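Shown next, in structure tokens, is the structure this report addresses.
The values are calculated or read from the model by the stated rules, or taken from the named source; none is laboratory data. Predicted model, so just to flag it, every value in this text is computed and none were measured. In this analysis, Cβ positions are derived from the backbone assuming ideal geometry, glycine residues included, and neighbour counts consider all displayed protein chains.
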Amino acid sequence: MLGAREQALWDAQLRAESLFAEVVERGLIRPGVLESELGDQIHELAKELFGVRRHWHKRIVRSGPNTLLGYYDEAVDRRLGADDVAFLDFGPVFEDWEADLGRSYVLGSDPRKHQLVKDIANAFRLGQERYEADPTLTAGALYDYVADLAKQMGWVFGAPTAGHLVDSFPHEADRSEPRRYSIRSGNPTPLREPMADGRPRHWILEIHFVDLDRRYGGFFEELLTVRGSR
């Protein structure tokens, strides 16, 4: 059974999943739409369905070669193509709780692109299993593990980080050591190290695989440290 805090985080994720499902159901991810237009449409849908008024990080829609870019990279706004991979990365705040969800979608029938979407979801599952199996796992060791999964599956890991903290809004931060609270190679922070008040920290795991030659990538993220029932 989840504690109250964990249940709140899980409920926030379920709402974000419902939002993305509605985006798909309404056919909003479609050829010809600008990334910025799609982002605005999803923002308005979040307001309509859940009363969301704020997102704790910038709303990201990427497609085609823009899917190679990381979170901090600036992307030139482009229209989705008929054979693109596109991904969404949104951080809606539901009441006082952050969600952070990333999903990828293939608009065409390219089998390798569809395999990419399967592989990033599988890599997330394997990363979560690694976390659950090793109580001493560090942020750096988890990054190295999922980056190696990319190589094993025939991709390149596309970002210098593979996740970060998540909690009630705004979540714990340390401006003097921001890298301490991200999943990146070399970070010795144990993922189960508690917060200053003794409560467990909760993390998001991000999987970003890319094909540098074919100029596209895929992105998947959600809660690493909380698993409830759907």
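Odds and ends about this structure:
- Taking the listed residues 192, 199, the one that is in contact (Cβ under 8 Å) with a residue 12 or more places away in the chain, in contact with a Pro (Cβ under 7 Å, 6 or more places away or on another chain) and not aliphatic (A, V, I, L, M) is 192, with no other qualifying.
- Within the stretch 50-65, the set of residues being at pLDDT below 95 and part of a helix (DSSP H, G or I) comprises 50 only.
- Within the stretch 178-188, the set of residues being within 20 Å of residue 124 (Cα to Cα) and in contact with a strand residue (DSSP E or B) (Cβ under 6 Å, 6 or more places away or on another chain) comprises 181, 182, 183.
Every residue, every condition in (1) among the hydroxyl-bearing types (Ser, Thr, Tyr); (2) modelled with pLDDT under 95; (3) on the phi > 0 side of the Ramachandran plot; (4) outside any loop (DSSP other than H, G, I, E, B), yes or no:
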site	(1), (2), (3), (4)
160	no, no, no, no
195	no, yes, no, no
210	no, no, no, yes
220	no, no, no, yes
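- Residues satisfying the stated conditions in the stretch 191-230, i.e. of a type in the set (A, V, I, L, M, F, W, C), under 10 Å from residue 68 (Cα atoms) and surrounded by 13 or more Cβ atoms within 10 Å (Cβ to Cβ): 209, 210, 219
For every residue, the table says whether it meets (1) over 24 Å from residue 229 (Cβ atoms); (2) part of a loop (DSSP other than H, G, I, E, B).
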residue: 5; (1), (2): no, no
residue: 8; (1), (2): no, no
residue: 18; (1), (2): no, no
residue: 29; (1), (2): yes, yes
residue: 42; (1), (2): yes, no
residue: 82; (1), (2): yes, yes
residue: 89; (1), (2): yes, no
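- The residues on offer are 149, 116, 107, and the sole one that is more than 18 Å from the chain's Cα centre (by Cα), aliphatic (A, V, I, L, M) and modelled with pLDDT of 95 or more is 107.
- Yes/no for residue 46 being surrounded by 14 or more Cβ atoms within 10 Å (Cβ to Cβ), under 15 Å from the mean Cα position of the chain (by Cα), assigned to a helix (DSSP H, G or I) and small (Gly, Ala, Ser): no
- Any hit, the stretch 111-126, residues being outside any helix (DSSP H, G or I) and surrounded by 21 or more Cβ atoms within 10 Å (Cβ to Cβ): no
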